[in-house]
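Encoded as structure tokens, the structure appears first; notes follow it.
The values are calculated or read from the model by the stated rules, or taken from the named source; none is laboratory data. Since the model is a prediction, treat every value here as computed from it, not as a measurement. Please note: Cβ atoms are built from the backbone with ideal geometry, for glycine as well, and neighbour counts cover all protein chains shown.
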Amino acid sequence: MNGVLVKAAGLINQHLCLDTFTEIVYIYTRGVLNMAKAEMARERLSIDVLPEEHRRIKAYAALHGETIREYVVESVLERLRQEGEEKELSALTMNLKQDPILKELWNNEKDAAYDKI
């Protein structure tokens, strides 16, 4: 039982009326339902793929124990995250050319070994 409901149940043990308990449960449940509705709000995205692409996506999703939807959404979000990181790194390297302190920190003998990797 959820902590809020346990506290509400405790109120009944303190001889509060049943209507008060019912109201507390109703308010709590209504809040949970509103959160669930907010999480359920989605936009539809349709794409056409070749039959072979569909089979591959379906197979990879199954290998990961996911639905096609879960697999595709996770893959797209991962790609967006990677592109965001690349953009941040690109912005940092642009600042290196303009900021002498960053340039000095970046270009040092200790870290030069990593440039070869």
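Residue by residue, here is whether (1) modelled with pLDDT under 90; (2) in a helix (DSSP H, G or I); (3) within 19 Å of the chain's Cα centre (by Cα) holds:
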| residue | (1), (2), (3) |
| --- | --- |
| Leu5 | yes, yes, no |
| Asp19 | yes, yes, no |
| Ile24 | yes, yes, no |
| Val32 | yes, yes, no |
| His54 | no, yes, no |
| Arg79 | no, yes, yes |
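Inspect region 88-100 for any residue being among the aliphatic types (A, V, I, L, M) and surrounded by 12 or more Cβ atoms within 10 Å (Cβ to Cβ) and give the result as yes or no.
Step one: of region 88-100, the residues among the aliphatic types (A, V, I, L, M) are 89, 91-92, 94, 96.
Checking which are surrounded by 12 or more Cβ atoms within 10 Å (Cβ to Cβ) leaves us with 92, 96.
Checked region 88-100: at least one residue is among the aliphatic types (A, V, I, L, M) and surrounded by 12 or more Cβ atoms within 10 Å (Cβ to Cβ).
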